[in-house]
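Peer 1: Here it is, the structure, as structure tokens.
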Amino acid sequence: MNNVHVEVKQLSKIYRSPGEDIKVFSGVDWTASGEKTVAIIGESGVGKSTFLHVLGQLTPPTEGSVCLNGSDLTVLDDNERAQVLKNDIAFVFQFFQLFNDLTLRENIYIAARMNYSEKEAMERTDSVIDDLGLSHRKDHIASLLSGGEKQRTAIGRALVKDPALLLADEPTGNLDERHSEEIMDLLLTLQKKRNCAFVMVTHNRAMAECCDEIYRLEHRRLHPLEEA
Ligand SMILES: Nc1ncnc2c1ncn2[C@@H]1O[C@H](COP(=O)(O)OP(=O)(O)OP(=O)(O)O)[C@@H](O)[C@H]1O
Ligand SMILES: [Mg+2]
């Protein structure tokens, strides 16, 4: 069990462009306790990725705050925000975002080395590769891995630093049904083992149901599923 706490208050995001402003969501109040895994569903284009990116500090909100364990991340300067991203928040994306010319092991090691000494980064890398069940593939070039293996590698890269908060954007969106189930199992098993909070966005209802709580993003707000 972890005691990670995420809270957003009066969160709004507007993309401003010359032709029109796109108001993605507004006035969102929402909390997540790290003890419960969370899925956010919603139709394509409704703003799921945008919400996750605002939560994970990849893009600033237009208004409102994002608090991680009581500390307001939206008031941090760029250096402080970079530290939070380096230490506390990790992402898994639909299209993996690996370094294609590097090996599986190098992809994970680079992430580990950002936070740990050479020796510790090596040890953590090998331990996470073991958890992923990919020791036999560790020296493969990333571009030659299967889709499922690529996503496992991306999960390892995210978890090797033991983040407080793991965010996943359509982590199974590029995989067939069988591999999607395997990836969800792995994500949830390792999230528990590594004791981090987990928030995922997806439009796949079956995958969402693997999580403890489901919210729907609709009409610019987040609704618990039964009220959506
Ligand atoms: N950087 C950007 N600049 C301007 N508009 C953007 C930007 N990113 C997203 N949008 C717009 O914001 C809205 C929400 O996009 P977002 O990608 O968050 O939706 P989504 O729910 O993740 O969709 P999908 O399920 O297709 O991934 C869309 O109308 C999109 O066109
Ligand atoms: Mg998206």
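The values are calculated or read from the model by the stated rules, or taken from the named source; none is laboratory data. Worth saying up front: this structure is predicted, and the values here are computed from it rather than measured. Ideal geometry is used to build each Cβ from the backbone, glycine not excepted, and the neighbour counts take in all protein chains shown.
Peer 1: From the set of residues in region 173-203 that are free of Cβ contacts under 8 Å to residues at least 60 places away in the same chain and outside any helix (DSSP H, G or I), which is farthest from Leu85 (Cα to Cα)?
Peer 2: Asp176
Peer 1: Next question. Which condition breaks for Lys13 when tested against (1) surrounded by fewer than 17 Cβ atoms within 10 Å (Cβ to Cβ); (2) part of a strand (DSSP E or B); (3) within 12 Å of ligand 1 (Cβ to nearest atom); (4) not small (Gly, Ala, Ser)?
Peer 2: (1)
Peer 1: Scan region 83-109 for residues that are part of a helix (DSSP H, G or I) and closer than 25 Å to Leu73 by Cα and report the count.
Peer 2: 5
Peer 1: Using beta carbons and a limit of 8 Å, which pairs, at least six apart or on different chains, have the first residue in region 91-116 and more than 24 Å from Val199 (Cβ to Cβ) and the second one surrounded by fewer than 21 Cβ atoms within 10 Å (Cβ to Cβ) and of a type in the set (Ser, Thr, Tyr)?
Peer 2: Hits for this filter: Asn100/Ser143; Asp101/Ser143.
Peer 1: Another question, then. So which of Phe91, Phe51, Phe95 is within 15 Å of ligand 2 (Cβ to nearest atom), at pLDDT below 95, surrounded by 13 or more Cβ atoms within 10 Å (Cβ to Cβ) and aromatic (Phe, Trp, Tyr)?
Peer 2: When all the criteria are applied, what remains is Phe95.
Peer 1: Please state which one of Ser135, Ser71, Ser65, Ser49 is within 24 Å of Lys192 (Cβ to Cβ) and of a type outside the set (D, E, K, R).
Peer 2: The match here is Ser135.
Peer 1: May I pose another question? Is there a residue in region 25-32 that is under 26 Å from Asp162 (Cβ atoms) and surrounded by 14 or more Cβ atoms within 10 Å (Cβ to Cβ)?
Peer 2: Yes; the residues of region 25-32 include at least one that is under 26 Å from Asp162 (Cβ atoms) and surrounded by 14 or more Cβ atoms within 10 Å (Cβ to Cβ).
Peer 1: Considering each residue of region 54-69, count those that are acidic (Asp, Glu) and either crowded, with 18+ Cβ neighbours inside 10 Å or without any contact (Cβ under 8 Å) to a residue 24 or more places away in the chain (or both), and give that number.
Peer 2: Total satisfying the criteria: 0.
Peer 1: Residues Glu43, Glu35: which one is part of a loop (DSSP other than H, G, I, E, B), modelled with pLDDT under 95 and more than 16 Å from ligand 2 (Cβ to nearest atom)?
Peer 2: Checking each option against the conditions leaves just Glu35.
Peer 1: For Arg157, are the conditions met, namely being of a type outside the set (Gly, Ala, Ser) and modelled with pLDDT under 95?
Peer 2: no
Peer 1: More than 9 Å from ligand 1 (Cβ to nearest atom), among the hydrophobic types (A, V, I, L, M, F, W, C) and in contact with a helix residue (DSSP H, G or I) (Cβ under 9 Å, 6 or more places away or on another chain): which single residue out of Val6, Val24 fits that description?
Peer 2: Val6
Peer 1: Another question, if that's okay. For region 177-189, does any single residue satisfy the condition of being surrounded by 15 or more Cβ atoms within 10 Å (Cβ to Cβ), modelled with pLDDT of 95 or more and small (Gly, Ala, Ser)?
Peer 2: Checking region 177-189: not a single residue is surrounded by 15 or more Cβ atoms within 10 Å (Cβ to Cβ), modelled with pLDDT of 95 or more and small (Gly, Ala, Ser).
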